[in-house]
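Chemist: One structure follows; several queries about it will come next.
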Amino acid sequence: MEKKKFYMTTAIAYASGKPHIGNTYEIVLADAIARYRRMQGYDVFFQTGTDEHGQKIEQKAADAGVTPKEYVDSVAGEIRRIWDLMNTSYDKFIRTTDDYHEKQVQKMFKKMYAKGDIYKGAYEGWYCTPDESFWTESQLVDGKCPECGREVVKAKEEAYFFKMSKYADRLIEYINTHPEFIQPESRKNEMMNNFLLPGLQDLCVSRSSFKWGIPVDFDEKHVVYVWLDALTNYITGIGYDADGESTEQFKKDWPADLHLIGKDIIRFHTIYWPIFLMSLDLPLPKQIFGHPWLLQGDGKMSKSRGNVIYADDLVDFFGVDAVRYFVLHEMPFENDGVITWELLVERINSELANTLGNLVNRTISMSNKYFGGVVTRTGVTEPVDEDLKSFILGIPGKVDEKMDRLRVADAMTEIFSLFKRCNKYIDETMPWVLAKEESKKDRLAEVLYNLVEGICIGAALLEPFMPETKERIYAQLSAGNRTLADLESWGLYPSGNKVTEKPEILFARLDLKEVLEKVEAMHAAQNASAQEEKADGDESAEEAGADVIDLEAKPEITYDDFAKLQFQIGEIIACEAVKKSRKLLCSQVKVGSQVRQIVSGIKSGYSPEQMVGKKVMVVTNLKTAVLAGLKSEGMILCAEDAEGNLAVMVPDRDMPAGAEVC
C-alpha cells in the first residue's frame, strides 16, 4: 500500500543573525511532529531553510564590511549548524538565494503582473525595516511599528502593488468553510477581525530604495518584496514551476499539510500567502499553525534587551535531549511559554533525572542484582500487574490523539505519566522485599519483566521528542525497535534477554547554585567579548598597538582565600570532542595516581589530538560538575586573548603529573 504523504514546513529563519532558543523551538517542534508522522507510517517531507533578502540584511552586511551574499552565507551556515545540533530530521534546507528559487520568484511576479493582479504605482507611508513591513498612519501604535514596537521611517518610492482586495472575499469564505485552516482558533479570530473584515489595502510588493533582493526581471530598478520572495519557498522547494513544468514531487506533495510558524508572522501566512496562491491558481495549504513564543523570564527574547539564550549554550550545559524535552514540554498549545535557568534545572532534576533516569537505573540495577541481568517472564501475576498493563497500553492512544491536534506538550505529559506509573508500581510491589524470600523469586522476575516492558513502550513513544534518549534506553535494555502498532500489545520484550551490566546515568541531577555560577561566568565572558569587539574599532587602541589586555579588576581576596584552591600539574592521557557541542572537549587527566575526567570549553583552540600528551595546570579541588551530561572533576587553566584565541597553561619544563603549582 502506498504511504499517505505529509508535507510540512517551518517558517524559514531570517538570516540577520544567530537564532536564539525561542527561534530554535520551532525547528524542534516541527521535528517532533515530523518524526511522529513517520512513526505513523506517513511519507513525510519536512522542509526548513533561510530567508536571505531585504534591506535589514543589506544594512547589516554593510556594517560588517562584507557583501550581502557573504553575510548570509555565514549566517545561514550558523542556522543550519544549530538545526543539526538539535538533531532535527529535516529533508530539505532551502535558501532564498538559491538560483532555482530566485528564477521562479521572477516568473511568479511576471505571471501575477500579466494577470493584472500586480500593477505599478507609488508608495508613501511608514516603513519598519526590521519587520520589512509598510504601515499607514492609522496603523501605528504610539507612532511606532504595531508588530515590534520599533521606530518607523517615512518612505516614498515608486513601487508595484498587489490587488489584495480582489481575493479578500474568497479568502474569507475559505476560512469560514475550513475551520482547521488556521490554528489555534484565537489566531483565526485575530486575522478575521483585525485585517480581513475591515478590508484589505493593496500590498506593496517591490522596493526600489535598496538592491539586496530578487530583481523584477522586466523592471530591474525594482526588487521583489521580501515576503513575496520568502513565502513562495514552500512551493519552489518542492519543484513548482510557474510555466507549468512542475516536478512530480510538487504534484505529489502540494498542498502542504502543515505550515508551522510563530504567531508573530501569522498575518503574512494566513492572508498574503493564500492570496498569492489564489493568484497562481494553486490550492491552499491544509493547515497553518501559529505557535506561541518562548519567553525569557517575563519578556520576549531580543539582543537589545540583553536576555538572549542560545541553543548551543543550553546544550553545553544540559545536553541535546534535555533541551528538546524542556522546550517541547514547557510550551503551552496556545499561550506563551517561559524559559529560565532555574526552571530548566528544576525540570531536569524532577522529570528527567528522577522520574525517567532513576526508573531505568533502578530497573536495570535490580535485574542485575537479583538475576544476573536476565529478564524473564514467569507468569506469576497479581491484580496490580493488570492495572499497570491497562494504564500503559492506554497511553499510546492518548499520545496519538494529542499529536493529531498538535498538542505536543500534552503528548509528552502522557508519556511521562507512564514512567511515573512504573515508579509507583515499584513502590506497590517492593521488589527488595520479594527478593528476601526464595519462594517469591518467580514473582520478582515477573515484576522486573513488567517494568522493562513498560519502559520499552514508554521509550518508543519518546522517540520523536527525545530520539537519543530512546536509543540509549533501548541499548541498555537490549531491546528491539517497535512500531506504533507494536505498542498496542504487551509482552514483546523477549523473555530471557539480558540487560546491560552497568546502567548508564541518563540524566545527572544538577546543583542549581553551580549552574547559576557557570551561567554568570558565561555571561561575563560574552559581555567581555562584546566589549572587546566594540573596542576593536577604537582608533587610539589601533595606534597604540600594544600587545596587552586590561581586565576589569575583581574584588580583592586574602591569601587565605587563595590558599583554598589546589593547583596541580595534570597529564592529558586521552581526549575526545563532546558530541554535538561546538565548545567542549572531554579529557582524561592523570593527576598523581588518579585519573580525572575534565570537560573544558577549549575546542575552538585545540583538537583532541593536540591535547593528548600535554601537561597542563589543573584546579583539582573544584566541586564535581555536569556539563552536557558529562561529569567534570576539575578545571584546565588557559588564557584567552582579545580575539578569543586560547592557550592552555603548561609548565616551561617537564614536571611530574600531580606536582603542586604554588
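The values are calculated or read from the model by the stated rules, or taken from the named source; none is laboratory data. Since the model is a prediction, treat every value here as computed from it, not as a measurement. Counting neighbours? That spans all protein chains shown, and the Cβs are built from the backbone with ideal geometry, glycine included.
Chemist: Just name the residue that is surrounded by the fewest Cβ atoms within 10 Å (Cβ to Cβ) out of those in the stretch 452-477 that are closer than 19 Å to ALA30 by Cβ and of a type in the set (D, E, K, R).
Modeler: GLU468
Chemist: Give the stretch 107-147 a look and list any residue that's at negative phi and of a type in the set (D, E, K, R), or say none.
Modeler: Result: LYS107, LYS110, LYS111, LYS115, ASP117, LYS120, GLU124, ASP131, GLU137, LYS144, GLU147.
Chemist: For the stretch 174-216, give me each residue that is part of a strand (DSSP E or B), of a type in the set (S, T, N, Q) and under 30 Å from ALA61 (Cβ atoms).
Modeler: Result: SER206, single match.
Chemist: Scan GLY394, GLY480 and give me the residue that is under 29 Å from PHE333 (Cα atoms) and either among the hydrophobic types (A, V, I, L, M, F, W, C) or surrounded by fewer than 23 Cβ atoms within 10 Å (Cβ to Cβ) (or both).
Modeler: Details: GLY480 fails: under 29 Å from PHE333 (Cα atoms).
Exactly one of GLY394, GLY480 is under 29 Å from PHE333 (Cα atoms) and either among the hydrophobic types (A, V, I, L, M, F, W, C) or surrounded by fewer than 23 Cβ atoms within 10 Å (Cβ to Cβ) (or both), namely GLY394.
Chemist: ILE57: of a type in the set (A, V, I, L, M) and out of contact with any Leu (no Cβ under 9 Å at 6 or more places or on another chain), yes or no? Break it down into steps so the answer makes sense when it comes.
Modeler: Numbers: of a type in the set (A, V, I, L, M): yes; out of contact with any Leu (no Cβ under 9 Å at 6 or more places or on another chain): yes.
So ILE57 passes the test.
Chemist: Would you mind stating whether VAL72 is over 22 Å from ILE288 (Cα atoms) and either at pLDDT 95 or above or assigned to a helix (DSSP H, G or I) (or both)?
Modeler: Working: over 22 Å from ILE288 (Cα atoms): yes; either at pLDDT 95 or above or assigned to a helix (DSSP H, G or I) (or both): yes.
So VAL72 passes the test.
Chemist: Within the stretch 263-289, which residues are over 20 Å from PHE162 (Cβ atoms), modelled with pLDDT of 95 or more and not in a loop (DSSP other than H, G, I, E, B)?
Modeler: PHE289 - this is the single residue of the stretch 263-289 that is over 20 Å from PHE162 (Cβ atoms), modelled with pLDDT of 95 or more and not in a loop (DSSP other than H, G, I, E, B).
Chemist: Does the stretch 357-374 contain at least one residue that is over 30 Å from GLU438 (Cβ atoms) and touching a residue at least 60 places away in the same chain (Cβ under 8 Å)?
Modeler: First, the residues of the stretch 357-374 that are over 30 Å from GLU438 (Cβ atoms): 357.
Checking the rest, the ones that are also touching a residue at least 60 places away in the same chain (Cβ under 8 Å) come to 357.
Within the stretch 357-374 (the criterion being over 30 Å from GLU438 (Cβ atoms) and touching a residue at least 60 places away in the same chain (Cβ under 8 Å)), the answer is yes, since at least one residue qualifies.
Chemist: Run ALA409 past the list (1) touching a residue at least 40 places away in the same chain (Cβ under 8 Å); (2) farther than 29 Å from LEU260 by Cα and report the number of the one that doesn't hold.
Modeler: Single failed check for ALA409: (2).
Chemist: If you take just the strands (runs of 3 or more DSSP E) that sit entirely in the stretch 575-662, which of them hold at least 2 residues that are farther than 29 Å from PHE507 by Cβ?
Modeler: On the way: elements: 585-591, 594-600, 615-619, 625-627, 630-632, 638-640, 646-648.
So the answer is 615-619, 638-640, 646-648.
Chemist: Against the definition (under 35 Å from the mean Cα position of the chain (by Cα) and either farther than 30 Å from VAL28 by Cα or surrounded by fewer than 22 Cβ atoms within 10 Å (Cβ to Cβ) (or both)), how does GLU488 come out, yes or no? Before you say what the answer is, go through the steps one by one.
Modeler: Working: under 35 Å from the mean Cα position of the chain (by Cα): yes; either farther than 30 Å from VAL28 by Cα or surrounded by fewer than 22 Cβ atoms within 10 Å (Cβ to Cβ) (or both): yes.
Yes, satisfied.
Chemist: Return the only residue of TYR493, TYR474 being in a loop (DSSP other than H, G, I, E, B) and modelled with pLDDT of 95 or more. Walk me through it before giving the result.
Modeler: Details: TYR474 fails: in a loop (DSSP other than H, G, I, E, B).
Going through TYR493, TYR474 in turn, the sole match is TYR493.
Chemist: Criterion first (charged (D, E, K, R), closer than 19 Å to ILE21 by Cα and not assigned by TED's automatic domain parsing to the domain that holds PRO467) does ASP51 satisfy it?
Modeler: Values: charged (D, E, K, R): yes; closer than 19 Å to ILE21 by Cα: yes; not assigned by TED's automatic domain parsing to the domain that holds PRO467: yes.
It is true that ASP51 is charged (D, E, K, R), closer than 19 Å to ILE21 by Cα and not assigned by TED's automatic domain parsing to the domain that holds PRO467.
Chemist: Step by step: first the residues of the stretch 330-347, then only those that are in contact with a helix residue (DSSP H, G or I) (Cβ under 9 Å, 6 or more places away or on another chain) and closer than 21 Å to ILE288 by Cα, then the one that is surrounded by the most Cβ atoms within 10 Å (Cβ to Cβ). Which residue is that?
Modeler: MET331
Chemist: While we're looking at this one, here's another question. Hey, can you tell me all the residues within the stretch 47-68 that are surrounded by 13 or more Cβ atoms within 10 Å (Cβ to Cβ) and in a helix (DSSP H, G or I)? Give the steps one after another, and end with the answer.
Modeler: Going through the stretch 47-68, the residues surrounded by 13 or more Cβ atoms within 10 Å (Cβ to Cβ) turn out to be 47-62, 66-68.
Residues satisfying the conditions are GLN55, LYS56, ILE57, GLU58, GLN59, LYS60, ALA61, ALA62, PRO68.
Chemist: A further question on this structure: Taking the residues in the stretch 112-135 that are part of a loop (DSSP other than H, G, I, E, B) and over 18 Å from TYR272 (Cα atoms) as candidates, determine which candidate is nearest to the chain's Cα centre (by Cα).
Modeler: First pass over the stretch 112-135, keeping only residues part of a loop (DSSP other than H, G, I, E, B): 115-117, 129-132.
Those left that are additionally over 18 Å from TYR272 (Cα atoms): 129-130.
Details: THR129: 27, PRO130: 23 Å.
If we take residues in the stretch 112-135 being part of a loop (DSSP other than H, G, I, E, B) and over 18 Å from TYR272 (Cα atoms), then PRO130 is nearest to the chain's Cα centre (by Cα).
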